[in-house]
Amino acid sequence: MSDILAQYRIPAEPYYRPVADEVTLFEAAYAAKMPLMLKGPTGCGKTRFVEHMAWWLGKPLVTVACNEDMTASDLVGRFLLDASGTRWQDGPLAFAARHGAICYLDEVVEARQDTTVVIHPLTDKRRALPLEKKGEFLRAHPDFHLVISYNPGYQSLMKDLKQSTKQRFGALDFHYPAHAVESEIVADEAKIDVATADKLVAIAERSRNLKGHGLDEGLSTRMLIHAGELIARGVAPLAACRVALVRPITDDPDMRDALDAAVATFF
Ligand code: ADP
């Protein structure tokens, strides 16, 4: 029989450098069937962590990038018309619940609140998903696990999760790793030497101090890896930082000059 989950299985270990006790806590939450919320700024390792954990636990992973146009049907499923009439198609949430995958809703606050509430019955002891249009009360597979990500610094008041949603989850806090750990990650991922990665991290730290003072977010680990990948391909560090770090993060000329100056201090 063909494995319906084949495309959701993670064949090789995704590189993940643990930062604190997040691996043990995730394992315990998975065993306790406690849904988890990963909180932290963009590009700090949340998605990579879930991929790593899915691989470690040997479970398939269904990832959904949430956006404000997403409807409840996009998560739950809908009837499709085909030559022989209508056919039900599970949405990613129903699919994961039915077959026992980890379902990762990335940036869940981007979804409208009337969409977010469909996850509620899956997060309490019922672990069920009513498929009203289909007339099915879907009970989640024992292996099913729900994980959402959420960037607390970023959304306006209009875009916060409701308390009634938040209080259904355990939460793991993610931050940018400590300097030496982040340098190691950037060096490993971008295939550059640690001394160069160290300089990129130092630039990022300066930018992170500017958060709230002209920058909405500091430079993420992901951006440092982008810069490192250009350097690894022979691009001069100043140009690599301009393209991968400074220009993407700001349109403000003063901020751009301040960040260019920080880059010039290190390279
Ligand atoms: P987000 O928090 O937005 O989900 P990602 O998980 O996509 O961020 O992280 C961005 C990139 O940073 C990853 O692709 C990975 O290369 C790297 N990264 C961040 N933290 C770690 C870590 N602890 N171990 C390994 N790679 C990491």
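Descriptive notes on the structure:
- Built amide H within the under 5 Å cut-off of Gly77, gap 5+: Gly91
- Length-normalised contact order for the chain - Cα pairs under 8 Å, 6+ apart - percent: 19 percent
- Summed residue charge, Cβ within 15 Å of Asp143's Cβ, Lys/Arg positive, Asp/Glu negative: +4
- Long-range HN-HN contacts of Trp88 with modeled amide H, under 5 Å: Leu80
- log₁₀ of I(q)/I(0) at q = 0.10 Å⁻¹ - the chain, Debye sum with one point per alpha carbon: -0.59
- Among Ile203, Ile249, Ile10, Ile148, the order by Cβ neighbours within 10 angstrom, fewest to most, reads Ile10, Ile249, Ile203, Ile148.
- Sites excluded, GluC sites (Glu not before Pro) in DSSP loops with at most 11 other C-beta within 10 Å, longest stretch of the chain: 133-267
- Rg/Rh for the range 179-266 stands at 0.94; both radii use Cα atoms, and Rh follows the Kirkwood definition.
- The DSSP beta bridges internal to the range 6-173 are antiparallel in roughly 35% of cases.
- Local net charge near Ala190, Cβ-Cβ under 13 Å (Lys/Arg +1, Asp/Glu -1): -3
- Note that the range 230-240 has calculated 3J(HN,Hα) couplings of 5, 4, 4, 8, x, 6, 4, x, 4, 5, 4 Hz, one per residue in order, obtained from phi through the Karplus relation 6.51 cos²θ - 1.76 cosθ + 1.60 (θ = phi - 60°); glycine and proline are x.
- Cβ-to-Cβ counts within 10 Å put Lys46, Lys59, Lys162 in ascending order as Lys162, Lys59, Lys46, the fewest first.
- Summed side-chain charge close to Arg127 - residues other than Arg127 whose Cβ falls under 9 Å, Lys, Arg +1, Asp, Glu -1: +3
- Selection of chymotrypsin sites (Phe, Trp or Tyr not before Pro), the range 121-155, meeting DSSP coil and at most 15 other Cβ within 10 Å: Tyr154
- In the chain, the longest principal axis of the Cα atoms and the axis of helix 194-209 are about 80 degrees apart.
- From its DSSP helices (H runs of at least four residues, each -39,500 (n - 2.57)), the chain gives a residue-normalised ellipticity at 222 nm of -11000 deg cm²/dmol.
None of the figures in this text is laboratory data; all of them are computed from the coordinates on show. The model shown is predicted, which means the values in this text are computed figures rather than measured ones. Heads up, the Cβs are rebuilt from the backbone with ideal geometry, glycines too, and the neighbour counts pull from every protein chain shown.
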